[in-house]
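Presented below is the structure to which this report refers.
The values are calculated or read from the model by the stated rules, or taken from the named source; none is laboratory data. In this text, all values refer to a predicted model and were calculated from it rather than measured experimentally. Cβ coordinates were reconstructed from backbone atoms using ideal geometry, including for glycine residues, and neighbour counts include every protein chain displayed. Heads up: the accessible areas ignore ligands, DNA and RNA and are worked out on the full protein's heavy atoms, side chains in. Shrake-Rupley method; radii C 1.70, N 1.55, O 1.52, S 1.80 Å.
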Amino acid sequence: MASSLAMPTDVSSELKESGAEPWFAARMIPLMLIILVGALAWGIIPPDGLEVSAYRTAIVFIATIAAIVTNVMPTGAVAIVSVAAYSILRPGGEESAAVVINNAIGNFNNALIWLIVIAFMVARAFSKTGLGRRIALLLLSKFGQSSLRIAYCLGLADFIIAPATPSNTARAAIVSPIAHSLAQTIDKADKKLGQFLISCSSAMNDASGAGFQTGFAGNLALVGIATTVAGVTLSFTDWMLYLLLPALVLLAAIPLILYTFISPDTKKTPEAPAFARGELQKMGAVTRSEWKLVGVFIALIVMWIGGSALGIHSTAAAFIGLSILLLTGVLSWGDIKAEKGAWDTLIWFSVLMGMAGHLKDLGFTGWVGGQVSEALSMAMGGASPTLFLLAMMVFYLFTAYFFASATAKVVALGPVILGALMTLGVNPMVAVLAVAGITNIGGNLSTYSHARNPLLMGYGYHTDSEWMRIGLVISVAGMVLFMASGLVWWTLLGA
């Protein structure tokens, strides 16, 4: 035993002596390029109309986004380094050390960010108890008689659990294994069947994210941005009123479009209901923990919808729901500590949101929005606000090729896009709603544009090129459907 315990130390010593242990954990080439470009930009005189403080704060912010996009380090680690860099450089011109650090980390007390963190933890309960899987299997046992129906069942299951699951990846981890198991059970030789079911799961994962304020972490970032930049306040109920119907249009249409585009060889699937019933039998009767979670889930929806009447803030409702799950033993404190995604989100989301807000206060967001709107006005002449909106949404959709996180994308570009659209005469509410939908829809464009995508590609039904081609169909069709149905619906609602 003693010799085996000594082995790691010996191996470590040998690595150090041989030079195999790296000096840095970061990817040094992109990091040094970012630092070099940032240093060169630092010494340049800001453009007319832009204060030095806004310009230099933007350099730190853009460098942070670039480090995330190029995967210099994990996102949370990049955020920590960004706070340190901001504290040393004082780009905002802060005179006091206390002021500069508070500017860097002030958003850690943001109630919306804590709502995201707690919702991640509530989502863990769906996976731990098996309730999310049971919901999907129940739908399949009743309605899974064809490959197209299976896609709708899996999509509907994603929509049902979305209000309490702000992590698309967590929902994908619940639904996609069922899609994979079904493809293997029905006909493992039909690769197109697996490709169709996994692609639909991915598309519906984003559609459900668009339909609910708490269905995607980036939605709550946009809520904060909308308030500060556009003066638009969206409650849980407001979001659902304006965006659930366009999201349901995606649920109704995208599986049919993919069914036609991919055309799986297997059309009828009588094995699917039998498979689902067999899996449900293995799971046994609904457990007490599942019933408790159902109760908390319903209570959360009631509190989020009726929060203003009940005098309960949405984040307070999330704390109440999590407290009940802890008190009743559905989740343990160990589960809370182990929810790495939640704590990671708290770190990097707080830092990026704080910097984005600071840029708005310093005037950078408004200045860039003005520059973008002026360029678009020159290019499109006297176009209507609706045409400006559509052109901007096409641009915004395809920026997903340059981001590995839709949340980082909306934090980085959301304020600029909204500012430019309002300058071009677009209704602020409509601008916010359009950005909300397109942020979610762009998640399928590339193999790296969403953290969920590598998980789904891991089942082996897609090559990189196949994913990109199918993702383009999902994203373009989704944008057309969402914007068409959304603009009609929002007009009827008086937006």
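Summary of computed values
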| read-out | value |
| --- | --- |
| Rg/Rh ratio calculated on Cα atoms of the range 408-465 (Kirkwood radius) | 1.15 |
| Heavy-atom accessible area ranking, 1.4 Å probe, most first, across Ile80, Ile438 | Ile80, Ile438 |
| Å³ per residue enclosed by the Cα convex hull of the range 309-458 | 152 Å³ |
| Pairs of Cα atoms farther than 12 Å apart, the range 356-400, % | 67 percent |
| Heavy-atom accessible surface of the range 241-399: percent carbon and sulfur, 1.4 Å | 68 percent |
| Dipole magnitude of the chain, debye to nearest 20 (Cβ charges: Lys/Arg +1, Asp/Glu -1, about Cα centre) | 1340 debye |
| The range 360-495, relative contact order in percent, only Cα pairs under 8 angstrom and at least six apart counted | 26 percent |
| Given charges at beta-carbon only (K, R positive; D, E negative), |dipole| of the range 254-374 in Debye | 400 debye |
| Equivalent-ellipsoid semi-axes of the range 368-425, from the Cα gyration tensor, Å, largest first | 21, 11, 9 |
| Other-chain or far-sequence residues with amide H under 5 Å of Ser146's (modelled H) | Thr269 |
| Mean Cα-pair separation over length for the range 304-421, i.e. relative contact order, pairs under 8 Å, 6 or more apart, % | 30 percent |
| Per-peptide average of other Cβ atoms within 10 Å, ordering 474-483, 197-206 highest first | 197-206, 474-483 |
| Accessible surface, per residue, of the range 29-170 when the full set of protein chains is kept, probe 1.4 Å, Å² | 43 Å² |
| Listed residues Pro246, Pro166, Thr287: farthest to the positive end of the dipole of the range 157-298 (Cβ charges) | Thr287 |
| Cα principal axis extents for the range 79-207, largest first, Å | 68, 27, 21 |
| Answer label for mean projected area of the Cα convex hull in nm² (calculated), chosen among (1) 28.3; (2) 22.6; (3) 24.0 | (1) |
| Cα centroid separation, the range 442-465 to the range 284-320 (Å) | 33 Å |
| Value of relative contact order over the chain, rounded to a whole percent, pairs C-alpha under 8 Å and six or more apart | 20 percent |
| Peptides 312-325, 157-170, 124-137 ordered by average Cβ neighbours within 10 Å, highest first | 157-170, 124-137, 312-325 |
